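Report on the structure given below.
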Amino acid sequence: MDKRAMHGIIISVQKKVCDVRKKIRKFASGTGKFFKNPKKYISDYKAAKKAIISDVYTPLVHNPENLLEVNNLKMYFPIKAGLLKRTVGYVRAVDGISFNIKKGTTMGLVGESGCGKTTVGRTILRLYKRTGGQVLFEGRDINKLNKKQLRLIRPKIQIVFQDPYSSLSPRMPVGEIIGEAVREHKIVPKAKFNDYITKIMNDCGLQDYHKDRYPHEFSGGQRQRICIARALALNPKFIVCDEPVSALDVSIQAQIINLLKDLQREYGLTYLFISHDLSVVEHISDTVGVMYLGDLVEYASTEMIFHNYKHPYTEALLSAIPMPDPTYKMNRIILEGSIPSPANPPSGCKFHTRCRYCMDICSKQKPKVIEVEPGHQVVCHLYDKEQLNSLGIDPEEIVKHEK
Amino acid sequence: MKMNLYDQKNLKEEVLTDVVPVNNAPEIDEEPPKEIPQRALDDARRIKVLSPSRLVAKRFFRNKLAMAGLVILIAMFLLCFVGGWVGRYGQKEVFYKYDNIMFSFGTANERTTYEGYYVIDASEINNLERNKLNSYISEMRSKQQDTRNYTDSEGNAYTLTKLDENLYEYRFHKIQKTATYDNKIEIGQYHENINGEESELILDGPYSSLITDNTFKNLVKANIPGRFVYEGNTYIILKSNKIPTIYIAGDDGKLIGEDQSDGFKTVVKNNLSANGFTYEGKDFIIEFIASNGIYQISRDYGNRLAAYLSTYVFDMQEAGFLVDTEFKTSAFGAVYGSGTFEWKGKTYRIMKNEKDIIVIQDISNAEPVDFANFSTFVVRRYNGEDTLSISFKDQLQEKVKDMIANGETLSQFTFYMQQIDGEGNLIFNEEGEPVFDTSVFVVERKLDNFVLTNLQNKYLINIFDKPSSEHWMGTDGSGMDVFTRLMYGGRISLIIGFVVVFLEVILGVILGGIAGYFGKWVDQLIMRIVDIFYCVPTLPILIILGAFFDSVRMDSYMRIMYMMIVLGILGWPGVARMVRGQILSLREQEFMIATEAAGLKASRRIFKHLIPNVMPQLIVIATMGLGGVILTESTLSFLGLGAKYPLATWGAMINSVSSSSAMVNYTYIWIPVGLMICLTVIAFNFVGDGLRDAFDPKMKR
């Protein structure tokens, strides 16, 4: 054999041996640490975990105008691996978002698929145990209620799911699906129960004789009505509509949206309307939050969002709305690349990897929440004038240059 | 033509006149209902509404295979539960029948052992001696002795004398110990040194003169122990405690015995030195016993006839006539005696006939009548009654002689004999005459015995009977009705199936449900338990348990109970796994999240939402499992580990004919049972399949 080749092989083997040795040493040092001082090891481990999930926020002062107040809400899902199922990381589905919803209004929550909209809705309902932050419903922190109190407050916060096919138990007649929780929470006296269910069903556009039928006999729109009726029957104050129309065709969508609007007028409901369909959101919402990768990047009234948007992501999102006018020239902004992994989000501003106004600072520093107008919050360095001035950058130029 | 035309015309006219103008439109008397409920085409009310369970039922009933299975199952249930109840016979009822079978009739042999015929007052001979007699005779025969004398431990003397080859006389000389006589008085001791040189006599005062008497000393020395007479006195020496004691016989002694009268005592005193004496006509023997120095007095009863030992038996000319021992001993006595004897007022004589057979003739009347024969050829019936005629015996003896001569081991002969019913009574016809029947006797030689078998009508257990109108599937090896046992066995098999599956499902649903609903470590724990149960080998455990149940002799029903429990406990992991999997997937469905959002209680969420959704799979797995359990039970019973005889189960019934010869010969027992097992299992599987298809909403017709 050639001497050189021999030499190469020897070197590669040596390297591999070194690697293995390093790994063993690392493992040994880890276990050694544990056995040297287990208490310290565990406390260190906990501290490291805390450092990842920094649950630091200023507690909210309840404003009676608001029905729901969300403060720095975080929902991390642990990624478990290995034989012992140790947590190796977190999927940061919701990474510290704050907003308020006033009584009798609708907030729209828009964003790409997988940006954490549904998680926000479910975490508000405490269907997931939140990682950090606060959710105040009528001034009470939902996450601090005990089981009994939670059960009592459940009827007041309801949810309508995206998929009307899987959200109804297939072995129960519709009347029972709607009335089950009503009976459980004793919302109406027994004598009035039937009339109450009939009324709710009529309000939601269902007929009395539908009571004895099973979900499989209904169309998608009707099922969504059943879901809404189920939520409504508990006499809620707040309903999380988790993409309630995305599984339906357009004509049914309109019916459902109008139904929701009518019900809001009639019962004085408050909605959190989660959707990726911007036109629907525009139609129903009073305020809109735009989410990107677990962050709320822009939050303002509907009008401001749709006509005076600030954030580059909102800009890109709105440019994708199709116009029912063939002569209109669409000026679509196409975002490069795909949405980054929420388990390992980009540093600084999470959007900087795809932002067309990306500056140096974007990848280094997290942007602050900036109130550009009253009631219009943007999270972007472009509008942080003090910082840009200190760096000597004119944001107008960057925008113009790009356009 | 005219006629035709005319006819036609007429016809036309007729037709025309007949035709009445009719308004085809129906006359409307009633007004239409004012409000017909109008429904649109897509109105849901137009469609017949079916609940999910009804839909399943509808789909199930359309499945022909499943329906076939259901019909089979219903039939099986009716057969097993109603059939057993309605049926004529009991599960453990054993059937009997009369049948002619080749059955042992008796044995015949040349008699070689001697039987004792004891005279009436010979009962004093103890059994020990009686039992030895045959060995004594064989000893005599081998030594070719004609007489033998011996005594027993009590001093009785016996004499055996050979009269001829087949007849021995047994005499008994009885001697009975009646009394002892003790007249010794101690007078001194005889001291003897170890060397024996300086011996010394120590005697009481009156006899001290004898100490120096060397003749006396030598007599003492010579008679240790013993007695001697010296100078008119009798001295007795006894060796006790190493130092011989010297006694002198006194004038008056102590008599111990039944008769303590002075007369008897005097006679004893007078005859102390004699061997015997006679007192009041009785003979006595007197004997000095040196070891204790007393006289033993025994009564001598004399030498008397005790018994005859003979290989002869008496063949009566009149079959069944019984004679007592007195007759027999008298007859034996007459053979080498006077030649005649009397018995019960009749005189008999002994003579040899032309065949050299000793014959007893009744000579009470003028004409001598043959009464009995001497014979050494014995024929014995198994039922114990000696009702065989001499002619039968002669025929048999000839046959046996032939067989011995020809060296045959198996032969047969025909004999006309009276018919006998099952209980051994003679059968008579309507006129009271005995019914004769030819009977073929098979003679089989077994060493020196000739065993007779013939066709006899017996009351028998009706085993392995062929199917008939009484027993539709015949009877089994224990004479029980197979069809009845089939029905009862099915009962147990089906009950076991249902109970075991019920247990499995209950355990499985509870544990699987808990694991699936609560998840996390509870799930881990229960699933590991499930894994352990999966690892446990079922059959060895059941075999061990079966052996254990056998060893404690457990009751059949208890055994079945325990078996059901064990099968249930071993079977639940499958169900638990299935339920857990289903619940895990259901738990993540949006309708379960909706129930949580609605704030329903955990119990309601489990029982109203989760369990109904698991139900279809559960029903299917249970139905499929039933067949399996029935098969397992049958297997266990077949291996003899399940239900025990006489309790019927299908497996046990097949087990009863499991040997290869029985399987070939008695197909009518195991084929129906096997079919029942097959049908039940197949039917359960069909129904289970049908249910699964019916529950599957994606399945198209």
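The values are calculated or read from the model by the stated rules, or taken from the named source; none is laboratory data. Everything numeric in this text was worked out from a predicted model, so none of it was measured. FYI the Cβ positions are ideal-geometry reconstructions off the backbone, even for glycines, and counts take in every protein chain you see.
Identification of helices (runs of 4 or more DSSP H) wholly contained in segment B:584-701 with 1 or more residues that are crowded, with 18+ Cβ neighbours inside 10 Å yields B:590-597, B:611-638, B:650-655, B:667-695. Residue A:234 falls short on exactly one of the conditions (1) more than 19 Å from residue A:282 (Cβ to Cβ); (2) more than 10 Å from chain B (Cβ to nearest Cβ), and that condition is (2).
Any chance you could count how many residues in segment B:212-237 are in contact (Cβ under 8 Å) with a residue 12 or more places away in the chain and either in contact with an Asp or Glu (Cβ under 9 Å, 6 or more places away or on another chain) or not in a strand (DSSP E or B) (or both)?
If we filter segment B:212-237 for residues that are in contact (Cβ under 8 Å) with a residue 12 or more places away in the chain, which is where we start, we get B:215-217, B:219-221, B:223-227, B:230, B:233-237.
Still in the running and either in contact with an Asp or Glu (Cβ under 9 Å, 6 or more places away or on another chain) or not in a strand (DSSP E or B) (or both): B:215-217, B:219-221, B:223-225, B:230.
The qualifying residues number 10.
Looking only at segment A:84-101, decide whether some residue is more than 19 Å from the chain's Cα centre (by Cα) and within 14 Å of chain B (Cβ to nearest Cβ). The answer is yes; a qualifying residue exists.
Each row is one residue, and each column tells you yes or no for (1) within 30 Å of residue A:186 (Cβ to Cβ); (2) within 14 Å of another protein chain (Cβ to nearest Cβ); (3) of a type outside the set (S, T, N, Q); (4) touching a residue at least 60 places away in the same chain (Cβ under 8 Å).
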| position | (1), (2), (3), (4) |
| --- | --- |
| B:595 | yes, yes, no, no |
| B:613 | yes, yes, no, no |
| B:623 | no, no, no, yes |
| B:634 | no, no, no, yes |
| B:665 | no, no, no, yes |
| B:688 | no, no, yes, yes |
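Yes/no matrix, rows are residues, columns are (1) touching a residue at least 24 places away in the same chain (Cβ under 8 Å); (2) in contact with a helix residue (DSSP H, G or I) (Cβ under 8 Å, 6 or more places away or on another chain); (3) surrounded by fewer than 17 Cβ atoms within 10 Å (Cβ to Cβ):
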site	(1), (2), (3)
B:327	no, no, no
B:332	yes, no, no
B:342	no, yes, yes
B:348	no, yes, no
B:352	no, no, yes
B:365	no, no, yes
B:370	yes, no, yes
B:381	yes, no, yes
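Checking residue A:242 against (1) over 24 Å from the mean Cα position of the chain (by Cα); (2) more than 24 Å from residue B:613 (Cα to Cα); (3) among the acidic types (Asp, Glu), which single condition isn't satisfied? The one condition residue A:242 does not meet is (1). Across segment B:70-93, a minimum of one residue is classified as exposed (fewer than 14 other Cβ atoms within 10 Å of the Cβ), over 29 Å from residue B:479 (Cα atoms) and modelled with pLDDT of 85 or more. In the set B:607, B:591, only one residue is within 14 Å of another protein chain (Cβ to nearest Cβ), closer than 20 Å to residue A:157 by Cβ and without any contact (Cβ under 8 Å) to a residue 40 or more places away in the chain; that residue is B:591. Scanning segment A:123-165 for residues that are at the interface with chain B (Cβ under 9 Å from one of its Cβ atoms) and in a helix (DSSP H, G or I) returns A:150, A:151, A:152, A:153, A:154, A:155.
For segment A:173-216, the set of residues classified as within 10 Å of chain B (Cβ to nearest Cβ), outside any helix (DSSP H, G or I) and buried (at least 21 other Cβ atoms within 10 Å of the Cβ) consists of A:213, A:214, listed by residue number. Number of residues in segment B:68-94 that are among the small types (Gly, Ala, Ser) and assigned to a loop (DSSP other than H, G, I, E, B): the value is 2. Residues in segment B:95-129 that are crowded, with 16+ Cβ neighbours inside 10 Å, at pLDDT 80 or above and hydrophobic (A, V, I, L, M, F, W, C): B:95, B:105, B:108, B:119. Checked against (1) within 14 Å of another protein chain (Cβ to nearest Cβ); (2) under 30 Å from residue B:56 (Cβ atoms), residue B:511 passes all but a single condition, namely (1). Cβ-Cβ distances below 7 Å connect the following pairs, each with a first residue in segment B:447-471 that is more than 30 Å from residue B:401 (Cα to Cα) and aromatic (Phe, Trp, Tyr), a second residue that is surrounded by fewer than 16 Cβ atoms within 10 Å (Cβ to Cβ) and modelled with pLDDT under 85, and a separation of six or more residues or different chains: B:459/B:98; B:459/B:422; B:464/B:477.
If a residue counts only when it is more than 49 Å from the chain's Cα centre (by Cα), which strands (runs of 3 or more DSSP E) contained entirely in segment B:261-374 have at least 2 such residues? Ranges flagged: B:276-279, B:282-289, B:294-310, B:340-343, B:346-352. Being part of a strand (DSSP E or B) and within 26 Å of the chain's Cα centre (by Cα) is a property that residue A:80 has.
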